[in-house]
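The values are calculated or read from the model by the stated rules, or taken from the named source; none is laboratory data. In this text, all values refer to a predicted model and were calculated from it rather than measured experimentally. Every residue, glycine as well, gets a Cβ built from its backbone with ideal geometry; the counts of neighbours run over all protein chains shown. When the accessible area is computed, the model is the full protein with side chains, heavy atoms only, and any ligands, DNA or RNA have been set aside. Shrake-Rupley method; radii C 1.70, N 1.55, O 1.52, S 1.80 Å.
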Amino acid sequence: MDATQNYIDLGPFLTNEFGDRYFYQVNRSAFDVVGSDALYKQILGDNFFQEDALNIVIGTDSGVLLKYVLKHGAPDGSRFLFVELPEVFDRVKESFSLEELGPQIVVTTYEDWQKRAQQLNLTDYIYIGKTVLHKSVGAADAFLTDYHELYQAVHEEMTQLFWVTKATLGTEAFILGQLENLAENRVSSICLENAFKEKTAVLLGGGPSLDEALPWLKANQHRVVILAVSRICRRLMEYGLTPHMVFSVDPQQISFDISKEMFHFRQKSLFVHSYHVSTPLLAQWRGKSIYLGPRLPWETILNVKTFPLTGPTVTNAALSAAVAMGFSQVVLAGVDLCFNREGYTHAKGSNEHKVGPRLGNVNIRVETNGGWMAETSPGYATAAKIFGSQAEHALKVGCKVINSALGASKIPNVSYQPLDEIAIEDMEKPAESIITGKLPVESRETRIAHYQDMLKELARGNGILRKIKELAIEAIKCNEGFFGRKGKSADFKYKKRMDKIENRLNTTYKDFTPLVKEFGLRNFLKIVPLDPEREWDDDDIERTGKIYYESYRNSAGRLIKLVEKAQQRLRVRLEEEKDSPAFDLLIDQWESDRQPGRCLVWKCLHPDISEKLGSETKERLKKFEDAFKKIMEETETLHMCGMKKVNNLSGARSKLTILFTQRDIIELERLVDGLAKNPSPETKPLLHLSRGYIAELEGAVERAIEEYQKLISEKTDKPVLEDALKRITSLSIGLRDIDNGLTALQCLADLSPAYAPQYAEMLRITGDKQKAISVYTSYLSKVPEDSGTMLKLGKLYKELNIDEAAQMAFNYVLEQDPHNRAAKALLESMGETC
């Protein structure tokens, strides 16, 4: 973000009937209908006050949101970091002392936000998934367009910090998925190392350019190895293409919703997945699979070598795997990492494409392979930077990375080449044969051996975790004894015992204590002092020791439960391998895991036994098959419902204003095209406003005024109407059409008193001085602290020889500002002494 931005004149504070004190430039009339308290409850809800969260908020709403948080109080374990524009920050500091905020609430500017965030333990909050970026009302409305730039700058930097932190630490969800997937993480990806030397891979992502590549890919499908991210399987199925490998990494349930069509490719496709991939995908997969990353969340010889697992996106992971497989070139298709010209973020067939283009967000701009600028998200921008580093490494080991789309983000070390110009060597034998030849042969015996190895290691881990929990419980009692609680006097022997316990945790169990701390970090966070400057007393030390060992106890306890669930799941997997399994055990586990498709996996692995089942058991399994079929046919998934709630027009007005300020006619015209295709009634006023902006930039002033006046006649909502009236005022004055200019200014003054001084000054200039006095007086009765406007009123009184009123005005200014030179000089010119 440019720190040398133009200075913003905020004007005076205004106060509405609800007592909200704000800058009109920042908030306009946002709080005038129901007041800030009611508005915040409506738009922020309870999520704004979650425990154990770091809330980073862009803007303070002129200090109004800051006071709201102060009044509500920061929840236990939570902190608020407000990032404000410099001019607003300076004025907000005048309203109240920042010291009164306390250690849980911090206000800063962009230049210091990362430093202050780290002081509030940003890294720890990222790890537990409780770092939230919010927009204040003023930042969301962006009447000051600098808020858009501020939000994007912080968002991009946060995204980069997020992925770096996640890459080094992992998360609780990863550990959960890791333990749930133990039974299926059998074959390491390392078996395909250098399996495809001198071959070409086509890596398919979910970007808008995917469809451009599909005809070429269909014609060349037997000459290349097709690597696809799981979310595009629906589109590939529609097009009649089968990928050789399908990739997925995300642990969330939603990953199943958007990827379930991959099950249609189970017979021919290899599933390449992270160790923590969404369990419903992996446990119900009936085909071959290989995994990336460690099997277990602690040090063990069972964590055999695999390909590197590179983030932040599944496409990053797939590229790393492709390089490790030895391909001489990897062609990217649908890996755009930016939006297309219509504003679409994903290819046809995706839920994101179905809900329409993103028209409202003002995003980061990047150069494309075609030379034009395109919008992208902070997440895509971070992924693109990592892609550049991956492509650089690929070149060093003899693999060229090519992007075939003109509309894709231009990335260092990734060359652009049209599909028809890419040289491809024919495959000596089919990709499926190469894969099958490299994968180890799986059988009932190899699966049983794997399950038994995992059970043995889990038993070891369970035992160690139990010992850690026992030590933590003992340490809690020692902590009480050391400080003389429960009627006992303080005894230093407890301190010595606590030291020995800590030593055992850090030596004997050093392979497990990092896991316990990572998994329980949310509770361990509570020992971090909110105010590091404050000196600790005995109560602080005792409380911290208690929380520390309780966190150890609770985290170890939760891990023990997860390990025991994993043990039970593995025992059921062993039961699945029997000639006469106890189906009650199997069915209970499948129901508990919510995996009806697991019965199909069992039938696939044991076809002979399945055929011999009795009618009652077959009927029970049929219910599971029907349930899985229903899931596969479901289109109104959680992901799709979430997509439908996205308002793709949110922020469109602000975006129009920014593009107009930047004089970007091309982007304005593209936005108009997108708006014209959107059926929402919200688009009509935005179309008039945008067409007016374009007409202005083209010099067609009369056409612009005509578009703006349509907004007045159609009784448009206030923000857009206000924008139109401001443009009419400016254009009318430029055309010396004083009557229209005055009418527009009067309308603006009726909308908000903030425009009254401009209206009064225009009345004075055009000779209607008595009306100007009336407007000034009415305004100052509402905003008496605006000494600048009071000075103008005094000068007007003086000009009209109404000396007594003029003197009263100048004296009032001096009461507000005793050093005001202009007021002093004007009084002296009237023969008055100050």
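Taking mean projected area of the Cα convex hull in nm² as calculated from this structure, the corresponding entry among (1) 35.4; (2) 44.7; (3) 40.4 is (2). Taking Cα centre as origin and charging only the Cβ of basic (Lys, Arg, +1) and acidic (Asp, Glu, -1) residues, the dipole magnitude of segment 689-834 rounds to 60 debye. When only the Cβ of Lys, Arg, Asp and Glu is charged (+1, +1, -1, -1), the dipole of segment 666-711 relative to its Cα centre reaches about 200 debye. Shown is the FRET efficiency for Gln118 and Lys41, computed with R0 = 22 Å from the Cβ-Cβ distance and rounded to the nearest 0.05: 0.10.
Pairs exceeding a 30 Å alpha-carbon distance, out of Lys67/Lys795; Lys305/Lys629; Lys410/Lys629; Lys496/Lys517; Lys495/Lys526: Lys67/Lys795; Lys305/Lys629; Lys410/Lys629.
For segment 534-629, GluC sites (Glu not before Pro) meeting the loop criterion (DSSP other than H, G, I, E, B) and having at most 13 other Cβ atoms within 10 Å: Glu535. Would you mind telling me the antiparallel percentage of the DSSP bridges in the chain, rounded to 5? Once the DSSP bridges in the chain are tallied, antiparallel ones form about 15 percent. Full extension of the segment from Asp90 to Lys618, taken as 0.36 nm per residue of separation minus the current Cα-Cα distance, would add 182.7 nm. Ordered from highest to lowest accessible area with the whole protein assembly present and a 1.4 Å probe, His264, His244, His819 read as His819, His264, His244. Against the criterion of solvent-accessible heavy-atom surface with a 1.4 angstrom probe, Cys604, Cys233 sort, most first, into Cys604, Cys233.
May I ask which of Lys130/Lys288; Lys93/Lys771; Lys260/Lys603 have a Cα-Cα span longer than 25 Å here? Exceeds cut-off: Lys130/Lys288; Lys93/Lys771.
Projecting the Cα atoms of Tyr127, Thr145, Met808 onto the dipole axis of the chain, where Lys and Arg carry +1 and Asp and Glu carry -1 at the beta carbon, places Tyr127 farthest toward the positive end. Remark: segment 368-379, residue by residue, has Karplus-estimated 3J(HN,Hα) of 9, 4, x, x, 8, 8, 9, 7, 8, 9, x, x Hz, where x stands for each Gly or Pro and the curve is 6.51 cos²θ - 1.76 cosθ + 1.60 at θ = phi - 60°. To the nearest 10, the accessible area of Thr635 is 100 Å² with a 1.4 Å probe. Between Glu17 and Ile712, what FRET efficiency comes out of the Förster formula 1/(1 + (r/R0)^6) with R0 = 30 Å and r the beta carbon distance, rounded to 0.05? Result of the calculation: an efficiency of 0.70.
Could you calculate the contour length gain from Lys305 to Ile424, that is, 0.36 nm times the residue separation minus the distance between their Cα atoms, to one decimal place in nm?
Using 0.36 nm per residue and subtracting the Cα-Cα distance, I get 39.7 nm.
Accessible surface of segment 97-221, 1.4 Å probe: 49 percent of it comes from carbon and sulfur atoms. Cross-linked pairs Lys469/Lys510; Lys467/Lys493; Lys477/Lys561: Cα-Cα separations exceed 18 Å for Lys467/Lys493; Lys477/Lys561. Segment 555-582 and segment 193-225 have Cα centres lying 40 Å from one another. Relative to the first principal axis of the alpha-carbon coordinates of the chain, what is the inclination of helix 210-219, with its axis defined by its Cα atoms, in degrees from 0 to 90 and to the nearest 10? Helix 210-219 and the main axis of the chain meet at about 30 degrees. Spin-label model, His264 to Ile190: label points 7 Å out along the Cα-to-beta-carbon direction sit 3.7 nm apart.
For the chain, the residue among Tyr24, Ile765, Thr306 whose Cα projects farthest onto the positive side of the dipole built from Cβ charges is Thr306. Shape class of segment 786-834 from the alpha-carbon gyration tensor: oblate, with a/c at 1.5 or above and b/c at least as large as a/b. Taking all protein chains as shown and a probe of 1.4 angstrom, Ile476 keeps an accessible surface of around 20 Å². Helix 718-734 and the longest principal axis of the Cα set of the chain meet at an angle near 50°. Using a probe of 1.4 Å, the accessible surface attributed to Ser188 totals some 20 Å² when neighbouring protein chains are kept in position. Once you reduce segment 43-83 and segment 264-288 to the center of their Cα atoms, the two points are 42 Å from each other. Placing a label point 7 Å from the Cα of Asp737 along the Cα-to-Cβ direction, the residues of segment 675-719 whose backbone N falls under 12 Å of that point are 701-710. Ranked from largest to smallest solvent-accessible area, with a 1.4 Å probe on the protein heavy atoms, Ile411, Ile541 come out as Ile541, Ile411. 3J(HN,Hα) along segment 289-301, derived from phi through the Karplus expression 6.51 cos²θ - 1.76 cosθ + 1.60 where θ = phi - 60°, amounts to 8, 9, 10, 10, x, x, 5, 10, x, 9, 5, 6, 5 Hz, with x in place of Gly and Pro. Ignoring aspartates and glutamates fewer than eight residues from Lys429 along the same chain, the ones with Cα atoms less than 20 angstrom from its Cα are Glu193, Glu198.
Net charge dipole, the chain: roughly 3200 debye, given to the nearest 20, about the Cα centre with Cβ charges of +1 for Lys and Arg and -1 for Asp and Glu.
In a DSSP loop and with at most 14 other Cβ atoms within 10 Å, the GluC sites (Glu not before Pro) in segment 656-722 are Glu698, Glu714. Rounded to the nearest 10 degrees, the angle from helix 538-576 to the longest Cα principal axis of the chain is 40 degrees.
Summed over the residues of the chain and divided among them, the accessible surface reaches 45 Å² per residue at a probe radius of 1.4 Å. Between the listed residues Thr109, Ile175, Leu161, the Cα displaced farthest toward the positive end of the dipole of segment 92-184, a dipole computed from Cβ unit charges relative to the Cα centre, is found at Ile175.
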